[in-house]
Structure formats: C-alpha cells, structure tokens
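Working notes for the structure below.
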Amino acid sequence: MLDSMASSCGEWLKGNGPDSDIVMSSRIRLARNLADYPFIKRCTDIDRASIESTVREKLKTGKEFKDQTFINVAELDNLDRQFLVERQLISRELADAEGARAVAIDGLERMSLMVNEEDHLRIQVMKSGFDLQAAWDQINQVDDRIEEQLNYAFHKDLGYLTACPTNVGTGMRVSVLVHLPALVITKHIEKVFRTFQRINLVVRGLYGEGSQAMGDFYQVSNQITLGKSEEELIKQVGDVVPVLINYERKARDFLISGENQHNLFDQVSRAYGTLQNAQQISSEETMYLLSQVRMGVNLGLIGDLEIPTINKLFIHTQPAHLQKLRRNELDTMERNIERANYLKQHLKSDLSDDAEMN
C-alpha cells in the first residue's frame with residue numbers, strides 16, 4: 001500500500017477547500033483511552049498488544065471502517081515510518097515509539113486513527129482549506145461509532161481522561177495548517193504569534209509539536225481543552241483564522257504594491273529559476289523556495305503552474321518520499337541530486353517560454 005501511496009496525494013493537499021491559498025488544511029484530533037487498560041506509559045508489552053488487537057478487531061466489524069487500511073507500524077522499517085510522518089498520517093511519537101502500535105487510514109487520507117501513541121487512540125480528520133466544521137462533523141460521527149464498540153475512559157465531571165492533563169475534557173485538538181510567507185518577509189510573524197499566545201493558542205511547525213517551521217508553514221491550535229466544549233474550541237480557533245488570513249493578505253498586498261512589486265517579482269523569479277535548474281538541493285532550501293513560488297502563483301506572478309502541483313512537491317521532495325519514489329535508500333548527497341531531478345521533471349525548464357511572468 002505505501003508504495004502505491006508514494007506517487008499520489010492525500011485529499012487535503014488538493015488545494016480545493018475554502019481559503020486554501022493561505023489555509024492548507026483544517027484538522028481535528030481526538031485523544032481517547034480504553035477504560036480497561038492503564039495509560040500508555042504504564043502499559044506492559046502485553047497491554048499494548050492487547051489494545052492494538054482489540055481496536056483492530058472492533059474496527060473490522062464496523063461498516064463505517066470497511067475502507068480503512070490497518071497498518072502495523074511496529075513492523076514497518078524506518079523509511080516507511082518516516083514516510084507516514086511526512087504524509088501527516090502518523091506522529092513522530094508513534095513512529096519512534098516501541099512495542100505494538102498501528103494506524104488505520106482511509107483511502108483518501110482524510111482520516112487516520114493512531115493506536116498506542118501518547119494515548120490508546122488518536123483519531124484525526126483533515127480537510128483541505130479552512131473547513132473546521134466539516135472536519136468536526138466527520139470526526140464526531142467516527143468517534144460515536146468507535147465508542148459504540150469500545151469502552152472509553154470517561155469521568156462524569158472531567159470528561160474524557162487522557163495521558164496529558166491539558167487534553168482532559170474533550171480530548172480535542174483543533175488546528176489549521178497555514179502558509180504565511182508574506183508575514184515572514186515583512187517581519188510581522190512574531191508579533192502575530194505573540195498575540196495568539198495571549199489567548200491560549202499555540203503555534204508549531206509543519207509536523208506539529210517539537211517541529212520547526214519549514215517553508216513558512218505553521219500549525220495554529222488550541223492549547224487547553226479542560227473546561228471547554230467542542231463547539232467552544234472550534235470557535236476559539238475558527239474566530240482567529242479569518243483574522244490571520246486578513247493579516248497575510250494585507251502583507252501580500254503590501255509586497256505586490258508600488259516599488260515593492262519589483263523586489264517580490266525578483267524574489268519569486270529567482271526561487272522559481274533555482275528550483276528549475278539546480279543540480280542538487282536540500283529539502284530545507286526546497287521548502288523555502290517552493291514557499292516563494294506558491295505565493296507567486298497565488299498573486300498571479302507565475303502562470304502555467306497549479307497550486308496542487310506545488311502542494312504535491314512540498315511532500316514528494318521530503319527525504320522518505322524521494323526514496324519511496326526511487327524504490328531505493330539514498331544517502332544525503334544522493335537525495336539532494338534526486339530531489340533536483342524530480343523538481344526539474346515537474347516544473348517547466350524554460351522560464352521565458354513556458355511560464356508567463358507578469
């Protein structure tokens with residue numbers, strides 16, 4: 001399955017959701033634990049194996065999960081685990097953990113269910129663009145179906161019990177993955193994020209907790225769930241996102257106006273040219289340059305290049321994806337060469353003839 005996934009893209013990368021020029025995806029994640037077992041850190045190897053087999057068997061009996069593929073993460077090699085991390089289908093924590101663990105994934109990669117991460121279950125739904133309500137509608141139905149099959153750890157006063165105290169209550173993490181190159185260029189990004197911290201929102205990198213920002217992508221999410229309802233948490237994040245979108249659009253308008261347009265045009269052109277002609281290139285530089293090009297396409301500075309293509313390149317040029325596509329393990333130098341070749345294949349090589357620069 002993973003080999004066939006390597007050449008495709010998840011639904012959330014299609015760029016067809018609301019405000020998808022800035023909001024790449026909307027995600028809702030639920031943390032759940034089974035009442036009959038201790039939290040993961042206190043589980044024995046036998047407990048972990050029993051949780052994994054119990055969840056797998058219960059999912060098989062539900063018609064809602066017939067399109068899900070259940071993957072034994074413990075049996076995967078390092079490359080395949082990293083591939084799923086790059087795909088945003090499992091966390092680094094699940095990839096690096098020990099013992100029995102698994103993930104269930106639907107065919108369009110809109111939903112994944114991790115087993116034996118920090119909690120027994122981590123259910124997530126991702127949608128293209130700014131569409132938190134659709135993500136909530138889907139995950140709420142999925143959670144209800146699972147709860148009919150499994151006995152969740154729940155307290156009548158506290159709500160759902162989780163390994164981390166900040167997740168107790170709804171167990172919900174609401175997040176949006178946003179692309180904010182103009183705020184980075186105009187040096188307003190830190191000011192915006194300091195404002196978020198004052199209202200209990202947290203900002204992380206592309207791959208969530210513990211990751212660095214790459215390609216001007218950031219995950220904005222709620223920090224605490226205890227004492228808030230699901231609707232309140234969705235509203236907390238949902239009310240901020242339009243403000244953030246407005247800030248980024250104003251910064252882009254500033255960059256494309258008057259004298260600034262020449263500087264922006266030059267920056268975007270150089271980024272596009274480097275991606276088309278580099279003989280070797282790192283994943284970090286690729287992310288940075290693709291970020292400039294993505295902004296250029298959205299601002300009409302580059303023609304004959306589609307946003308879904310750029311979104312795909314963000315993922316497919318990551319180390320594990322390159323090696324899966326090549327069907328061979330590559331060292332750093334080989335990956336940098338292969339990445340440059342892959343970019344050339346997917347971007348027009350003749351900038352003057354094949355790309356319309358306004």
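Among the numbered criteria (1) buried (at least 22 other Cβ atoms within 10 Å of the Cβ); (2) without any contact (Cβ under 8 Å) to a residue 40 or more places away in the chain, which one does K156 miss?
Unmet for K156, out of (1) buried (at least 22 other Cβ atoms within 10 Å of the Cβ); (2) without any contact (Cβ under 8 Å) to a residue 40 or more places away in the chain: (1).
Check L79 against each of (1) under 18 Å from Q124 (Cα atoms); (2) in contact (Cβ under 8 Å) with a residue 60 or more places away in the chain and name the one condition it does not meet.
(1)
Test each condition in (1) in the same structural domain as L94 (by TED's automatic domain parsing); (2) farther than 21 Å from V125 by Cβ; (3) of a type in the set (D, E, K, R); (4) loosely packed, with under 15 Cβ neighbours inside 10 Å for D216 and report the one that comes out false.
(4)
Which residue is nearest to the chain's Cα centre (by Cα), if the candidates are limited to the range 47-91 and must be aliphatic (A, V, I, L, M) and assigned to a loop (DSSP other than H, G, I, E, B)? Talk me through it step by step, then tell me what you get.
Keep residues of the range 47-91 that are aliphatic (A, V, I, L, M), which gives 49, 51, 55, 59, 71, 73-74, 76, 79, 84-85, 89-90.
Checking the rest, the ones that are also assigned to a loop (DSSP other than H, G, I, E, B) come to 76, 89-90.
Details: L76: 21, L89: 8, I90: 10 Å.
Filtering the range 47-91 for residues that are aliphatic (A, V, I, L, M) and assigned to a loop (DSSP other than H, G, I, E, B), the one nearest to the chain's Cα centre (by Cα) comes out as L89.
Can you name the residue in the range 16-46 that is among the aliphatic types (A, V, I, L, M) and part of a helix (DSSP H, G or I) and, of all such residues, is surrounded by the fewest Cβ atoms within 10 Å (Cβ to Cβ)? Show your work before the answer.
First, pick out the residues of the range 16-46 that are among the aliphatic types (A, V, I, L, M): 22-24, 28, 30-31, 34-35, 40, 46.
When the remaining residues are screened for being part of a helix (DSSP H, G or I), the result is 40, 46.
Values: I40: 20, I46: 10.
My answer is I46.
Starting from the range 97-115, keep only residues that are among the acidic types (D, E), then list their pairs with residues that are part of a loop (DSSP other than H, G, I, E, B) whose Cβ atoms are within a distance under 6 Å, requiring at least 6 positions of separation or different chains.
Close Cβ pairs satisfying both conditions: D106/D67; D106/Q68; E109/G10.
Which condition does T61 not pass, out of (1) farther than 22 Å from R326 by Cα; (2) buried (at least 16 other Cβ atoms within 10 Å of the Cβ), if it passes all the others?
Every listed condition holds for T61 apart from (2).
Looking for something in contact with a Pro (Cβ under 6 Å, 6 or more places away or on another chain), modelled with pLDDT of 95 or more and farther than 26 Å from P18 by Cα - is there at least one such residue anywhere in the range 317-338? Talk me through it step by step, then tell me what you get.
First, pick out the residues of the range 317-338 that are in contact with a Pro (Cβ under 6 Å, 6 or more places away or on another chain): 335.
Adding the requirement that they be modelled with pLDDT of 95 or more leaves 335.
Okay, now just the ones that are also farther than 26 Å from P18 by Cα, so 335.
Yes: one or more hits.
Examine the range 332-351 for a residue that is aliphatic (A, V, I, L, M), within 14 Å of L79 (Cβ to Cβ) and either outside the structural domain of S20 (by TED's automatic domain parsing) or within 24 Å of the chain's Cα centre (by Cα) (or both), and state whether such a residue exists.
To start, the set of residues in the range 332-351 that are aliphatic (A, V, I, L, M) comprises 333, 337, 340, 343, 347, 351.
Then keep just the ones that are within 14 Å of L79 (Cβ to Cβ); that gives none.
For the range 332-351, residues aliphatic (A, V, I, L, M), within 14 Å of L79 (Cβ to Cβ) and either outside the structural domain of S20 (by TED's automatic domain parsing) or within 24 Å of the chain's Cα centre (by Cα) (or both): absent.
So, of the residues in the range 251-276 that are surrounded by fewer than 14 Cβ atoms within 10 Å (Cβ to Cβ) and modelled with pLDDT under 95, which turns out to be nearest to F193 (Cα to Cα)? Quick ask: steps written out before the conclusion?
Step one: of the range 251-276, the residues surrounded by fewer than 14 Cβ atoms within 10 Å (Cβ to Cβ) are 253, 257-259, 262-263, 266, 270.
Going one step further and asking which of them are modelled with pLDDT under 95, we end up with 253, 257-259, 262-263, 266.
Numbers: D253: 20, S257: 25, G258: 28, E259: 28, H262: 28, N263: 26, D266: 28 Å.
Per the criteria, the residue is D253.
How about the range 1-15: which of its residues are in a loop (DSSP other than H, G, I, E, B) and in contact with a Pro (Cβ under 8 Å, 6 or more places away or on another chain)?
Once the filter is applied, which keeps residues that are in a loop (DSSP other than H, G, I, E, B) and in contact with a Pro (Cβ under 8 Å, 6 or more places away or on another chain), the range 1-15 yields C9, K14, G15.
Determine, yes or no, whether F70 is in contact (Cβ under 8 Å) with a residue 60 or more places away in the chain and aromatic (F, W, Y). Spell out the reasoning first.
On the way: in contact (Cβ under 8 Å) with a residue 60 or more places away in the chain: no; aromatic (F, W, Y): yes.
Considered against the rule, which asks whether it is in contact (Cβ under 8 Å) with a residue 60 or more places away in the chain and aromatic (F, W, Y), F70 comes out as no.
Step by step: first the residues of the range 19-39, then only those that are among the aliphatic types (A, V, I, L, M) and more than 24 Å from S221 (Cα to Cα), then the one that is nearest to the chain's Cα centre (by Cα). Which residue is that?
Kept after step one, since they are among the aliphatic types (A, V, I, L, M), are these residues of the range 19-39: 22-24, 28, 30-31, 34-35.
Pick out the ones that are also more than 24 Å from S221 (Cα to Cα) and you get 34-35.
Working: L34: 26, A35: 29 Å.
Of everything passing the filter in the range 19-39, L34 is nearest to the chain's Cα centre (by Cα).
Could you check the range 219-240 and list, in sequence order, the residues that are buried (at least 19 other Cβ atoms within 10 Å of the Cβ), within 20 Å of the chain's Cα centre (by Cα), at pLDDT below 95 and of a type in the set (V, I, T)?
Hits for the range 219-240 are V220, V237.
The values are calculated or read from the model by the stated rules, or taken from the named source; none is laboratory data. Just so it is clear, the structure is predicted and the values come from calculations on it, not from any experiment. Positions of Cβ are backbone-derived with ideal geometry, glycine not excepted, and every protein chain shown enters the neighbour counts.
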